[in-house]
Amino acid sequence: MNIDIMTLFPDMFGAVFSESIIGRAQKNHILDIKFHQIRDFAFDKHKRVDDTPYGGGQGMLMLAEPIYLCFKNICMARNARPKLVYMSPRGKKLDQKIALEYSKINNIAVLCGHYEGVDERLIEEIVDDEISIGDYVLTGGEIPAMAFIDTVSRLVPGVLSENICFEDESYFNNLLEYPQYTKPSEWRGRKVPEVLLSGHHANINTWKKEQSLNQTRIRRPDLLNNK
């Protein structure tokens, strides 16, 4: 999978995507993640990427043309038009279903907004999808982009060792994950459930399913409405 990130702060992504599972996936050429400085495509000597909004209002808006030129450069470099996602508070809320859909796309570009957002005409011209990570506002789109890319990337075949690594996790089947335990079998008076020590795989699987359903019923009953 090819992922291109358009941002004013590319250095924010380096440490996040060079470590752990995503870092290994890049070294193994399963993922190819590139960062693009939007300011490099500004066309005046001051490299301005923003201006005041028509009609007044607080803050500044990102200019359409530098972002447009940045995206066209990505299309040329990839020899393909990526599906362009704009991280936006007004977008549809990211969930596991959306992440799974995007994990099947070979070329994705992500636009990180800043200030008061971007010129609406740019969105109308080239943006394919607007996605939010929650009902709150951050200072920029970089942190939401990290969350989106991490969520999608780990579902790409080969990034995790086996599909079971994510198929058992919370939200994959609209259920929260069952409780898990590791050594020692007793910690500060709290014992691991006996069934997990029994070695009886059928009983263990039944316990996991029951616990998953119970956790969902207690913590996120709204998820059960989607089953």
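Observations
- Condition check for residue 103: surrounded by fewer than 19 Cβ atoms within 10 Å (Cβ to Cβ), touching a residue at least 60 places away in the same chain (Cβ under 8 Å), in contact with a Ser or Thr (Cβ under 9 Å, 6 or more places away or on another chain) and under 25 Å from residue 24 (Cα atoms): yes
- Residue check, residue 125 in the same structural domain as residue 36 (by TED's automatic domain parsing) and buried (at least 16 other Cβ atoms within 10 Å of the Cβ): no
- Being without any contact (Cβ under 8 Å) to a residue 40 or more places away in the chain and either within 13 Å of residue 113 (Cα to Cα) or assigned to a helix (DSSP H, G or I) (or both) is a property that holds for residue 23.
- Any hit, the range 144-163, residues being surrounded by fewer than 18 Cβ atoms within 10 Å (Cβ to Cβ), in the same structural domain as residue 73 (by TED's automatic domain parsing), modelled with pLDDT under 95 and under 30 Å from residue 58 (Cα atoms): no
- Residue-level check: of (1) surrounded by fewer than 19 Cβ atoms within 10 Å (Cβ to Cβ); (2) outside the structural domain of residue 22 (by TED's automatic domain parsing); (3) at pLDDT below 95, residue 137 misses just (2).
To keep it simple, each residue is scored yes or no on (1) modelled with pLDDT under 95; (2) among the basic types (Lys, Arg); (3) surrounded by 13 or more Cβ atoms within 10 Å (Cβ to Cβ); (4) not assigned by TED's automatic domain parsing to the domain that holds residue 177.
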| position | (1), (2), (3), (4) |
| --- | --- |
| 20 | yes, no, no, yes |
| 34 | no, yes, yes, yes |
| 85 | no, no, yes, yes |
| 98 | no, no, yes, yes |
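- Condition check for residue 202: in the same structural domain as residue 83 (by TED's automatic domain parsing) and either at pLDDT 95 or above or over 29 Å from the mean Cα position of the chain (by Cα) (or both): no
- Condition check for residue 11: assigned to a loop (DSSP other than H, G, I, E, B) and either not aromatic (Phe, Trp, Tyr) or not assigned by TED's automatic domain parsing to the domain that holds residue 146 (or both): no
- The range 93-114: number of residues that are in contact with a helix residue (DSSP H, G or I) (Cβ under 7 Å, 6 or more places away or on another chain) and within 27 Å of residue 223 (Cβ to Cβ): 6
- In the condition set (1) modelled with pLDDT of 95 or more; (2) touching a strand residue (DSSP E or B) at 6+ places or on another chain (Cβ under 9 Å), residue 68 is compliant with all but (2).
- Hey, residue 40 in contact (Cβ under 8 Å) with a residue 24 or more places away in the chain and closer than 19 Å to residue 127 by Cα or not: no
The values are calculated or read from the model by the stated rules, or taken from the named source; none is laboratory data. The structure displayed is predicted, hence computed values, not measured ones. When we count neighbours, we look across all protein chains shown, and the Cβ atoms used for this are built from the backbone with ideal geometry, even at glycine.
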